[in-house]
1. Take the residue pairs 40/72; 40/150; 33/94 and return only those whose Cα atoms are more than 26 Å apart.
2. List the relative contact order of the range 2-166 as a percent without decimals, with contacts defined as Cα pairs under 8 Å and 6+ residues apart.
3. Show me the trypsin sites (Lys or Arg not before Pro) within the range 32-94 that DSSP assigns to loop and that have at most 16 other Cβ atoms within 10 Å of their Cβ.
4. Explain nothing, just compute: Karplus ³J(HN,Hα) = 6.51 cos²θ - 1.76 cosθ + 1.60, θ = phi - 60°, for every residue of the range 144-156 in order, whole Hz, x for Gly and Pro.
5. Starting at the first residue of the range 102-112, write each ³J(HN,Hα) from the Karplus equation 6.51 cos²θ - 1.76 cosθ + 1.60 with θ = phi - 60°, in whole Hz, x for Gly and Pro.
6. What are the ³J(HN,Hα) couplings of the range 117-130, residue after residue, when phi is run through the Karplus curve with 6.51, -1.76, 1.60 and θ = phi - 60°? Round to Hz, x for glycine and proline.
7. When 101, 54, 115, 82 are ordered from fewest to most other Cβ atoms inside 10 Å of their Cβ, what list results?
8. What residues qualify as long-range amide H neighbours of residue 157, i.e. H under 5 Å apart, gap of 5 or more or another chain, H built at 1.01 Å from N?
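No lab work stands behind these numbers, since they all come straight from the coordinates. The structure presented is a predicted model; accordingly, all values stated were derived computationally and were not measured. Note that we place each Cβ from the backbone using ideal geometry, even for glycine, and neighbour counts take in every protein chain shown.
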Amino acid sequence: MFESWFSKDSNDAISILKRDHDTVKELFDQFKKAKEAQAKKQIVAHALEEIKIHTAIEEEIFYPAVRAELEKDMMTEADEEHHVAKVLIAELEKMSGTEEHYDGKFTVLAENVRHHIEEEEDEMLPAARKLDIDFDALGARLMERKTQLKAEGAPIVAEEESADPNADSSAKNAKRVTTAPRKSAPKTRKAG
């Protein structure tokens, strides 16, 4: 459904967002196929930068332009999905890439972002397309800000201040070594 009114050649706002989605999904696929830690780390760095810039242009320009006209629950869920992504991004950026949970944390980010993309493309963007908005003019604003962010870097977000990649109890528990109780060996009868 989405593909029927999306143009790969257009610079309207929705087409720009869709191309960004395709870029990060491709990076997620590359990460899955990568075998070497250094290659994975480079893919992660590229993906994080793309997601941060995309999130910034959505939150600064696109969401405010459509928020009042779209379903409140849809928009608040998108906000929360961005928050979760920012927390994971901030934690990943504080990691060296050698930690035991690095690949798992990026995989969880990829799964969450894929879910967010699916909801945007299936629900939000088709609903937004029906609004009386000049998407070409909005796209020009997105591209201008995107170019600026690529040159200057994505803005620092609140989630970066409190990010601690080792704060989660599951990561701590994975490092804990315990001895599990063993079953007693079954008693055997001596022949005799």
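1. Details: 40/72 37 Å; 40/150 21 Å; 33/94 23 Å.
Result: 40/72 exceed 26 Å.
2. Working: 126 pairs, mean separation 65.7, N = 165.
For the range 2-166, the relative contact order is 40 percent.
3. Working: sites: 32, 33, 35, 40, 41, 52, 67, 72, 86, 94; in loops: 35, 94.
In loop regions of the range 32-94 (DSSP not H, G, I, E or B), the sparsely surrounded trypsin sites (Lys or Arg not before Pro) are 35, 94.
4. Here the 3J(HN,Hα) series is 4, 5, 4, 4, 4, 5, 5, 7, 9, x, 5, x, 6 Hz.
5. 4, 4, x, 5, 5, 4, 5, 4, 4, 5, 5
6. Working through the residues one at a time gives 4, 4, 5, 4, 6, 8, 10, 5, 5, x, 5, 5, 4, 7 Hz.
7. On the way: 101 19, 54 26, 115 12, 82 22.
The order, fewest Cβ neighbours first, is 115, 101, 82, 54.
8. none
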